[in-house]
1. Mind listing whichever residues of the range 1-24 are modelled with pLDDT of 85 or more and either charged (D, E, K, R) or under 19 Å from Glu76 (Cα atoms) (or both)?
2. Taking the range 72-121 as the region of interest, how many residues are within 18 Å of the chain's Cα centre (by Cα), under 19 Å from Ala55 (Cβ atoms) and among the hydroxyl-bearing types (Ser, Thr, Tyr)?
3. What's the total number of residues in the range 70-94 that are surrounded by fewer than 12 Cβ atoms within 10 Å (Cβ to Cβ) and over 27 Å from Lys28 (Cα atoms)?
Amino acid sequence: MKKGCFLSSVIIFTLIVGVIVYTVKYKKDIFKNFSKTKIMEMALSDYDKKLEDAAKNVYRDSLKSELHDFFVKNKEMEFDSAMSRMQSVVTRLNEIIKDKYIDSLEYQKFKNFVEHYEGSKKDRN
(Lines give C-alpha, C1' and ligand atoms only; values in the text may rest on other atoms or scores of the structure.)
Protein backbone atom coordinates (compact mmCIF):
# COMPACT_ATOMS: atom_id res chain seq x y z
CA MET A 1 0.00 0.00 0.00
CA LYS A 2 1.30 3.42 -0.88
CA LYS A 3 1.95 5.99 1.81
CA GLY A 4 -0.59 8.40 0.31
CA CYS A 5 -3.38 5.79 0.27
CA PHE A 6 -2.65 4.73 3.84
CA LEU A 7 -2.57 8.32 5.06
CA SER A 8 -5.81 9.17 3.24
CA SER A 9 -7.59 6.10 4.64
CA VAL A 10 -6.46 6.91 8.22
CA ILE A 11 -7.68 10.51 7.90
CA ILE A 12 -11.04 9.50 6.41
CA PHE A 13 -11.52 6.79 9.02
CA THR A 14 -10.74 9.28 11.82
CA LEU A 15 -13.22 11.80 10.42
CA ILE A 16 -15.96 9.17 10.14
CA VAL A 17 -15.40 8.01 13.72
CA GLY A 18 -15.42 11.63 14.91
CA VAL A 19 -18.72 12.35 13.16
CA ILE A 20 -20.29 9.20 14.63
CA VAL A 21 -19.09 10.01 18.15
CA TYR A 22 -20.33 13.61 17.90
CA THR A 23 -23.71 12.51 16.59
CA VAL A 24 -24.20 9.91 19.30
CA LYS A 25 -22.98 12.19 22.06
CA TYR A 26 -24.79 15.42 21.19
CA LYS A 27 -27.61 14.51 18.81
CA LYS A 28 -28.93 11.30 20.37
CA ASP A 29 -32.47 12.72 20.52
CA ILE A 30 -32.69 12.22 16.76
CA PHE A 31 -32.15 8.50 17.23
CA LYS A 32 -34.50 8.29 20.21
CA ASN A 33 -37.38 10.00 18.41
CA PHE A 34 -36.88 7.92 15.29
CA SER A 35 -36.66 4.67 17.22
CA LYS A 36 -39.65 5.57 19.43
CA THR A 37 -41.80 6.12 16.36
CA LYS A 38 -40.67 2.88 14.74
CA ILE A 39 -41.10 0.83 17.92
CA MET A 40 -44.61 2.15 18.45
CA GLU A 41 -45.61 1.56 14.83
CA MET A 42 -44.35 -2.02 15.00
CA ALA A 43 -46.08 -2.67 18.33
CA LEU A 44 -49.35 -1.20 17.11
CA SER A 45 -49.35 -3.26 13.92
CA ASP A 46 -48.44 -6.38 15.90
CA TYR A 47 -51.30 -5.90 18.36
CA ASP A 48 -53.71 -5.05 15.56
CA LYS A 49 -52.93 -8.47 14.10
CA LYS A 50 -53.33 -10.15 17.50
CA LEU A 51 -56.66 -8.42 18.05
CA GLU A 52 -57.85 -9.55 14.61
CA ASP A 53 -57.29 -13.13 15.79
CA ALA A 54 -59.53 -12.56 18.82
CA ALA A 55 -63.23 -13.36 18.62
CA LYS A 56 -65.10 -10.58 16.86
CA ASN A 57 -67.27 -8.53 19.18
CA VAL A 58 -67.92 -4.96 20.25
CA TYR A 59 -65.27 -5.06 22.96
CA ARG A 60 -62.55 -6.11 20.54
CA ASP A 61 -63.23 -3.04 18.41
CA SER A 62 -63.43 -0.81 21.48
CA LEU A 63 -60.16 -2.20 22.80
CA LYS A 64 -58.54 -1.58 19.44
CA SER A 65 -59.78 2.01 19.47
CA GLU A 66 -58.55 2.50 23.05
CA LEU A 67 -55.16 1.09 22.08
CA HIS A 68 -54.85 3.44 19.10
CA ASP A 69 -55.71 6.42 21.33
CA PHE A 70 -53.09 5.31 23.84
CA PHE A 71 -50.37 5.10 21.18
CA VAL A 72 -51.28 8.54 19.81
CA LYS A 73 -50.95 10.06 23.29
CA ASN A 74 -47.77 8.11 23.92
CA LYS A 75 -46.03 9.49 20.81
CA GLU A 76 -46.05 12.96 22.35
CA MET A 77 -44.07 11.91 25.42
CA GLU A 78 -40.33 11.60 25.95
CA PHE A 79 -38.62 8.37 24.95
CA ASP A 80 -37.99 6.87 28.40
CA SER A 81 -41.41 7.58 29.86
CA ALA A 82 -43.15 6.51 26.65
CA MET A 83 -41.33 3.18 26.63
CA SER A 84 -42.09 2.45 30.29
CA ARG A 85 -45.78 3.30 29.77
CA MET A 86 -45.90 1.18 26.66
CA GLN A 87 -44.31 -1.76 28.47
CA SER A 88 -46.88 -1.77 31.26
CA VAL A 89 -49.84 -1.38 28.89
CA VAL A 90 -48.53 -4.09 26.57
CA THR A 91 -48.10 -6.45 29.53
CA ARG A 92 -51.72 -5.84 30.54
CA LEU A 93 -52.86 -6.26 26.94
CA ASN A 94 -51.06 -9.60 26.66
CA GLU A 95 -53.00 -10.85 29.68
CA ILE A 96 -56.28 -9.77 28.10
CA ILE A 97 -55.83 -11.28 24.64
CA LYS A 98 -54.18 -14.51 25.72
CA ASP A 99 -57.51 -16.40 25.61
CA LYS A 100 -58.52 -14.74 22.29
CA TYR A 101 -61.80 -13.54 23.74
CA ILE A 102 -62.42 -10.06 25.11
CA ASP A 103 -65.38 -9.56 27.40
CA SER A 104 -66.77 -6.44 29.04
CA LEU A 105 -64.92 -6.98 32.31
CA GLU A 106 -61.52 -7.27 30.60
CA TYR A 107 -62.24 -4.21 28.46
CA GLN A 108 -63.29 -2.14 31.48
CA LYS A 109 -60.21 -3.21 33.42
CA PHE A 110 -57.97 -2.21 30.53
CA LYS A 111 -59.72 1.11 30.05
CA ASN A 112 -59.53 1.90 33.78
CA PHE A 113 -55.88 0.87 33.86
CA VAL A 114 -54.97 3.22 31.01
CA GLU A 115 -57.02 6.10 32.46
CA HIS A 116 -55.63 5.58 35.97
CA TYR A 117 -52.10 5.29 34.63
CA GLU A 118 -52.47 8.51 32.66
CA GLY A 119 -54.08 10.30 35.61
CA SER A 120 -51.36 9.27 38.03
CA LYS A 121 -48.67 10.43 35.64
CA LYS A 122 -50.41 13.80 35.15
CA ASP A 123 -50.62 14.35 38.92
CA ARG A 124 -46.87 13.91 39.33
CA ASN A 125 -45.95 16.56 36.81
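The values are calculated or read from the model by the stated rules, or taken from the named source; none is laboratory data. Predicted model only: the values in this text are computed from it and were never measured. As a convention, Cβ positions derive from the backbone with ideal geometry for all residues, glycine included, and neighbour counts pool all protein chains shown.
1. Correct list: empty.
2. Residues meeting the conditions: 0.
3. Count: 2.
Here is a yes/no grid of residues against (1) free of Cβ contacts under 8 Å to residues at least 12 places away in the same chain; (2) more than 19 Å from Asn112 (Cβ to Cβ):
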site: Ile20; (1), (2): yes, yes
site: Thr37; (1), (2): no, yes
site: Ser65; (1), (2): yes, no
site: Met77; (1), (2): yes, yes
